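A.B. asks: A single structure is presented below for examination.
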Amino acid sequence: QVQLVESGGTLVQPGGSLRLSCAASGIIFSRYLMNWYRQAPGKQRESVAFITSGGSTNYADSVKGRFTISRDNARNTVYPQMNSLKPEDTAVYFCRSRYDLNDYWGQGTQVTVSS
């Protein structure tokens, strides 16, 4: 059974930092492209960042320079390090894994940026 479990979401002040985690099980993690999405209230889900099996990364313009995605294949975990957080970063953050025709989502973790 495949599971993606996100954790680390919390309330943080503007300008603060946060690191989320997504732990995967039931897949050969190293083969998968790992993607973080977010969905703010009333808005569509959007891709924030992804990291390929080879370690290449890509970021949405809105987070470029502030977020860094990394993966630990030994721990089957992917992390977005989020710095200089803004209120507009408030959203539920989701983890997604893709390989060939396999496509899995986690349940999400809430990040709230507010003073």
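A.B. asks: Whose amide H sits under 5 Å from the amide H of Thr90, counting only residues 5 or more places off or on another chain, with H placed in the peptide plane?
C.D. replies: Val113
A.B. asks: Just to confirm the filter: which trypsin sites (Lys or Arg not before Pro) across the range 1-100 are DSSP coil and have at most 13 other Cβ within 10 angstrom of their Cβ?
C.D. replies: When the trypsin sites (Lys or Arg not before Pro) of the range 1-100 are filtered for loop state and at most 13 Cβ neighbours within 10 Å, Lys43, Lys64, Arg75 remain.
A.B. asks: If contacts are Cα pairs under 8 angstrom and at least 6 residues apart, what is the relative contact order of the range 27-104 in percent?
C.D. replies: Dividing the mean separation by the residue count of the range 27-104 yields 34 percent.
A.B. asks: Same structure again: Of the accessible area of the chain, with the probe set at 1.4 angstrom, what percent is carbon plus sulfur?
C.D. replies: 44
A.B. asks: Send over a whole-number figure in Å² for the accessible area per residue of the chain, probe 1.4 Å.
C.D. replies: 54
A.B. asks: Okay, moving on. Determine ³J(HN,Hα), in whole Hz, for all residues of the range 35-52 in sequence, where each value follows from phi through the Karplus function 6.51 cos²θ - 1.76 cosθ + 1.60 and θ = phi - 60°; x replaces Gly and Pro.
C.D. replies: Each residue's phi maps through the Karplus curve to give 10, 10, 10, 9, 9, 8, x, x, 10, 6, 5, 10, 6, 9, 6, 9, 9, 7 Hz.
A.B. asks: Give the Kirkwood hydrodynamic radius (Å, one decimal) of the chain, defined as one over the mean of 1/r across all pairs of different Cα atoms.
C.D. replies: Its Kirkwood hydrodynamic radius stands at 14.0 Å.
A.B. asks: Now, a different point. For the peptides 83-92, 50-59, what is the packing order when you average, over each peptide's residues, the other Cβ atoms within 10 Å and list the highest mean first?
C.D. replies: Result, highest mean first: 83-92, 50-59.
A.B. asks: Further, regarding this structure: Net charge within 11 Å of Tyr79 by Cβ-Cβ distance, Lys/Arg positive one each and Asp/Glu negative one each, not counting Tyr79 itself?
C.D. replies: Charge balance near Tyr79 sits at +1.
A.B. asks: Less than 14 Å from a label point 7 Å out along the Cα-to-Cβ axis of Tyr104: which backbone N atoms in the range 27-58 qualify, by residue?
C.D. replies: Correct set: 27-35.
The values are calculated or read from the model by the stated rules, or taken from the named source; none is laboratory data. The structure displayed is predicted, hence computed values, not measured ones. Neighbour counts are summed over all protein chains in view; Cβ atoms, including those assigned to glycine, are modelled from backbone coordinates with ideal geometry. The protein model used for the area step is the full one, side chains on, heavy atoms only, and it has no ligands, DNA or RNA in it. Shrake-Rupley method; radii C 1.70, N 1.55, O 1.52, S 1.80 Å.
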